[in-house]
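The values are calculated or read from the model by the stated rules, or taken from the named source; none is laboratory data. The structure presented is a predicted model; accordingly, all values stated were derived computationally and were not measured. Every residue, glycine among them, receives a Cβ derived from its backbone with ideal geometry; neighbour counts consider all protein chains shown.
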Amino acid sequence: MARDIIHNPVKNALIKVGWTITADPLTIQYEEIKVFADLGAERMIEATRGEEKIAVEVKSFVSRSSIADFENALGQYFLYLGLLRLKNSNTRLYLAVSHVAYNTLFQGKGIQELINYFQIPLIVVDIVTVEVIAWKS
């Protein structure tokens, strides 16, 4: 399984802001279906609330067709989301993108409307400074 070119910067940016990487990749299995999200992570949040768990699908959007990349990312996102819900998992699924992709592709009106319509949470990472610069829910 090939890793996205921004996999390690995203992973390290999450670690910097207090997430513990629990799976790399994260196996999501339901019945005969077995898929792999790029990362699984958790962090402690107030002792009375327990742990917060996330799954992260990392996408760079650098191929010749960013729309084809977006189509692929949406397909993976909804497959993983569906499986997590069927498993009654409390893991929240995010799509992680570079600041470059976010500032170009994700500023298009159609892409913004689709992200909002489908309520896809994003993690925007500056892959040069290896910093999470935004959580978009």
- Task: Kindly indicate whether VAL100 is more than 11 Å from the chain's Cα centre (by Cα) and within 18 Å of SER66 (Cα to Cα).
- Result: yes
- For GLU57, are the conditions met, namely being at pLDDT 95 or above, in contact with a helix residue (DSSP H, G or I) (Cβ under 7 Å, 6 or more places away or on another chain) and not aliphatic (A, V, I, L, M)? yes
- Message: Can you tell me which of (1) in contact with a strand residue (DSSP E or B) (Cβ under 7 Å, 6 or more places away or on another chain); (2) buried (at least 18 other Cβ atoms within 10 Å of the Cβ); (3) not hydroxyl-bearing (Ser, Thr, Tyr) is the one PHE70 doesn't meet?
- Response: (1)
- For region 73-137, please list each of the strands (runs of 3 or more DSSP E) lying entirely inside it that holds at least 3 residues being touching a Leu at 6+ places or on another chain (Cβ under 9 Å) and in contact (Cβ under 8 Å) with a residue 40 or more places away in the chain. 92-98
- Query: Is one or more of the residues making up region 70-87 of a type in the set (Ser, Thr, Tyr) and farther than 20 Å from PRO121 by Cα?
  - Reply: no
- Task: Would you kindly identify the strands (runs of 3 or more DSSP E) lying entirely within region 1-43 that contain at least 2 residues that are closer than 25 Å to PHE70 by Cα and among the polar types (S, T, N, Q)?
- Result: 26-30
- Listed residues THR91, THR104; which is under 21 Å from ILE5 (Cβ atoms) and among the polar types (S, T, N, Q)? THR104
- Message: If I ask for residues that are surrounded by 10 or more Cβ atoms within 10 Å (Cβ to Cβ) and either under 17 Å from GLY82 (Cα atoms) or of a type in the set (Asp, Glu) (or both), which ones from region 116-126 would you list?
- Response: PHE118, ILE120, PRO121, ASP126
- So which residues in region 1-52 are surrounded by fewer than 11 Cβ atoms within 10 Å (Cβ to Cβ) and either among the acidic types (Asp, Glu) or modelled with pLDDT of 95 or more (or both)? THR27, GLU31, GLU32, LYS34, GLU46
